[in-house]
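Undergrad: Dropping a structure here in structure tokens format, bear with me for questions.
Please treat every number below as a calculation from the coordinates, not as lab data. Keep in mind that this is a model prediction, so the values were computed, not measured. FYI the Cβ positions are ideal-geometry reconstructions off the backbone, even for glycines, and counts take in every protein chain you see.
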Amino acid sequence: MHTEIEVKARLRADQKNSLTGYFNNLYNAATSEYKCDAYFKEPSGELYRLRKQNNEYIYTKKNNSLSDGVEVNSEDERILSQSEYDALFKDELLFIKKTKEGYIWSTKDIYGYDMNIEIVNVKGHIRNKGIRDLGYFIETEIIAPKDASNHICNNIKAELLNYYKVLGVF
């Protein structure tokens, strides 16, 4: 398990274009990305996500929290076979499906932890309500070890919020 500290923000078209160019110059060319996430709610109220990303199938159980407007997730993830994925995909429990298509840049943060910056177009599908284009977003996550201290996690949150201010997103 690990701790994800993540900040997301909606982008205007001009921001999307300028930030894509900026990140390509700073971190080299991006990798194209396509994710399809399906969120399920068990009768017990417990939530889980199934993700198709490239040729991988991923099961994730999240422990979400917000701290000073920053999403902090403790995640239990495991790679699945396609047959395991198909067995867990239960239409009657599905409550939202999202696709994300765009670009990802991978680097390290000031602590040496993995940092992923994504600029993606997000589309949502809610049961019986059709597909809705939610727009472009920047999503930046830093993946810290589960045992990272509160002090380090708080510094990372501050680092991400400041980064978005410098980029002109906030």
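Undergrad: Could you give the alpha-carbon Rg of the chain over 2.2 N^0.38 Å, rounded to two decimals?
TA: On the way: Rg = 16.5 Å, N = 170, 2.2 N^0.38 = 15.5 Å.
This ratio for the chain stands at 1.07.
Undergrad: If you place +1 on the Cβ of every Lys and Arg and -1 on the Cβ of every Asp and Glu, how big does the dipole about the Cα centre of the chain come out, in debye to the nearest 20?
TA: Details: 24 positive and 26 negative charges, 128 e Å.
So the dipole magnitude of the chain works out to roughly 620 debye.
Undergrad: Could you give me the ³J(HN,Hα) list for segment 34-41, computed from phi with Karplus coefficients 6.51, -1.76, 1.60 and θ = phi - 60°, whole Hz, x at Gly and Pro?
TA: For segment 34-41, the Karplus curve yields 9, 10, 10, 10, 10, 9, 10, 10 Hz.
Undergrad: Another question, then. How about segment 1-110: which trypsin sites (Lys or Arg not before Pro) there lie in a loop by DSSP and see at most 13 other Cβ atoms within 10 Å?
TA: Values: sites: LYS8, ARG10, ARG12, LYS16, LYS35, LYS41, ARG49, ARG51, LYS52, LYS61, LYS62, ARG78, LYS90, LYS97, LYS98, LYS100, LYS108; in loops: ARG12, LYS90.
Those satisfying the criteria are ARG12, LYS90.
Undergrad: While we're on this one: Suppose each label sits 7 Å from its Cα in the direction of the beta carbon; what would the GLU75-ALA9 distance come out to in nanometres?
TA: Here the answer is 2.2 nm between the modelled labels.
Undergrad: From the backbone phi of segment 152-158, what are the Karplus-calculated ³J(HN,Hα) couplings (6.51 cos²θ - 1.76 cosθ + 1.60, θ = phi - 60°) in whole Hz, Gly and Pro given as x?
TA: Result, rounded to whole Hz: 5, 4, 5, 5, 5, 4, 4.
Undergrad: For helix 13-27, report the angle its Cα long axis makes with the longest principal axis of the Cα atoms of the chain; keep it between 0 and 90° and round to the nearest 10°.
TA: 70
Undergrad: Here's another thing I want to ask about it. Given the rule -39500 (n - 2.57) for each run of at least 4 DSSP H residues, summed and divided by the residues of the chain, what is its mean residue ellipticity at 222 nm, to the nearest 500 deg cm²/dmol? Show your work: numbers first, answer last.
TA: Values: 3 runs with 40 residues, N = 170.
That comes out to -7500 deg cm²/dmol.
Undergrad: Per q in 0.15, 0.16, 0.25, 0.28 1/Å, what log10 I(q)/I(0) does a Debye calculation on the alpha-carbon atoms of segment 11-62 return?
TA: So the normalised log intensities work out to -0.66, -0.70, -0.89, -0.97.
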